[in-house]
Amino acid sequence: MEIDNKHIAWKVWASLCQFLLGAAFIFSGFVKAVDPFGFFYKIQDYLAAFGLISKFPFYLPLWLGIVLSAIEFCVGVFLFLGIRRKGSTTVALLLMSVMTPLTLYLALENPVSDCGCFGDAWVLTNWQTFGKNIVLLVAAVSVVKWRNSLVRFVTPKLEWMVSMYTILFVFALSFYCLRQLPILDFRPYKIGANIRAGMEIPEGAKPSVFETRFVLEKNGERREFALDDYPDSTWTFIESRTLLKEKGYEPPIQEFSMLSLDSGEEITDHVLSDEGYTFLLVAHRIEEADDSNIDLINEIYDYSVEHGYGFYALTSSSGDEIELWRDKTGAEYPFCRMDDITLKTIIRSNPGLLLIKEGTILNKWSNQQLPDEYALTDALERLPLGQQKQVSDLRTMAYVLLWCIIPLLLVIGMDILVVRRRERQSLRQQ
């Protein structure tokens with residue numbers, strides 16, 4: 001009896017580890033799959049921290065991020081359903097064996113601010129991530145040791161169907177969000193957010209103190225300048241960086257600062273307080289931006305001029321790169337300089353387009369979704385396009401459930417009603 005009780009206890013423990021590990025991997029893989037560029041930027045941060053970014057071609061971290069998020073999601077589904085036990089438990093243990101010492105190093109040395117294991121959906125400190133990984137490593141060891149005791153929801157005869165659909169689903173999701181925009185936006189620049197409100201600090205809270213430094217060059221000499229002593233146009237812009245001088249309360253939006261390249265003045269307050277419409281073309285690195293729809297972008301700029309709307313291009317690129325873009329595309333719109341990381345956070349497209357009014361984000365478009373002449377037929381005040389786009393995370397999650405969970409439930413139901421029933425009938429006949 002004592003042996004049976006121990007066996008039951010270990011089986012219960014293995015099942016708990018199975019569902020915990022499966023849920024963690026599903027969540028981690030899913031939030032990365034819906035934001036492939038976000039995970040790509042995080043991988044770039046890792047490579048830059050270890051001095052390896054120049055050793056890999058530009059596209060490799062992006063493909064690596066898509067594959068890793070797909071592996072995490074698939075392993076999570078397989079674990080949760082108790083299928084592909086040997087492969088899923090082995091891969092889970094392998095991943096945790098790599099990630100746990102890596103996150104310990106991150107916690108000790110802090111080369112990146114957070115590991116990005118749950119994307120922007122749930123940001124953990126490096127020490128919190130290490131603690132989480134210790135728990136998951138114990139769970140991974142447990143499911144490997146007692147893999148034959150894991151709860152199975154699908155018989156081996158139909159597990160291939162679940163496996164194939166899971167793989168197709170997660171890759172389809174990643175490529176859709178790569179071409180369009182993330183179907184779930186966990187960042188502070190989501191549609192409906194007010195940028196000015198996102199920068200406000202509650203009364204009595206002590207703000208963090210930042211300083212933006214600009215590296216400029218003239219006659220072969222490079223020097224750093226603050227915003228207050230920014231020199232004349234005879235200096236060539238090289239790069240900018242924002243330094244934390246004193247840590248305090250950190251609002252969701254911290255570094256939204258538009259520096260006009262025409263006047264050399266900061267125009268952030270003017271743009272965010274404008275009661276009219278303003279288009280913001282975001283291209284974090286203009287030299288890497290997709291120029292396939294540049295004619296359409298120029299038409300949107302002409303439309304904004306015709307109707308008296310603001311239009312600004314935001315980039316962190318140098319003046320030379322901006323001039324090359326203008327020569328190549330015929331762009332006449334004004335440019336503003338902004339922090340590179342901020343631009344990547346605003347929209348996951350290069351270029352991407354925002355429509356704002358009084359600092360509130362009304363709509364966002366990727367380079368593949370830009371409004372055309374069929375949508376811009378009148379003034380925005382009289383068009384649905386000029387109203388805030390209605391976005392519902394609950395509705396989005398319902399679509400995800402429709403396309404992911406319901407097909408899997410149908411397979412499980414078919415497995416219970418058909419396959420297992422036939423197996424029981426076959427046993428009776430014997």
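All of the numbers you see were taken from the coordinates with simple rules; none came from a lab. Just so we're clear, the structure is a prediction, and the values are computed from it rather than from any experiment. All Cβ positions, glycine included, derive from the backbone under ideal geometry; neighbour counts span all protein chains shown.
Structure above, values below:
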read-out: Distance histogram for the stretch 190-330 (every C-alpha pair counted, 5 angstrom bins, percent rounded to whole numbers); value: 2, 7, 14, 18, 19, 17, 13, 6, 3, 0, 0
read-out: Equivalent ellipsoid semi-axes - Cα gyration tensor, the chain, angstrom; value: 48, 27, 19
read-out: In degrees, nearest ten, helix 159-179 long axis to first principal axis of the chain (Cα); value: 0
read-out: Cα Rg, Dmax, the stretch 59-210, angstrom units; value: 19.3, 63
read-out: Cα→Cβ-extended label distance, 7 Å offset, between residue 307 and residue 378, nm; value: 1.1
read-out: Rough spin-label spacing in nm, given labels placed 7 Å along Cα→Cβ, for residue 418 and residue 246; value: 7.0
read-out: Computed [θ] at 222 nm, helices only, for the chain once each DSSP H run of length n ≥ 4 contributes -39500 (n - 2.57); value: -15500 deg cm²/dmol
read-out: Summed residue charge, Cβ within 9 Å of residue 212's Cβ, Lys/Arg positive, Asp/Glu negative; value: -1
read-out: Rounded FRET efficiency, nearest 0.05, which uses the C-beta distance separating residue 238 from residue 123 and R0 of 30 Å; value: 0.45
read-out: Net charge of Cβ neighbours under 10 Å - reference residue 196; Lys, Arg +1; Asp, Glu -1; value: -3
read-out: The stretch 202-250 - share of DSSP beta bridges that are antiparallel (%, nearest 5); value: 95
read-out: In degrees, nearest ten, helix 294-307 long axis to first principal axis of the chain (Cα); value: 60
read-out: Separation between Cα centres of the stretch 70-137 and the stretch 272-322, rounded to whole Å; value: 39
read-out: Degrees separating the helix 2-33 axis from the principal Cα axis of the chain, which is the longest one; value: 20
read-out: Average Cα contact separation per residue, the chain, under 8 Å, 6 or more apart, as relative contact order %; value: 15
read-out: For residue 282, distant residues with modelled amide H under 5 Å away; value: 314, 352, 353, 354
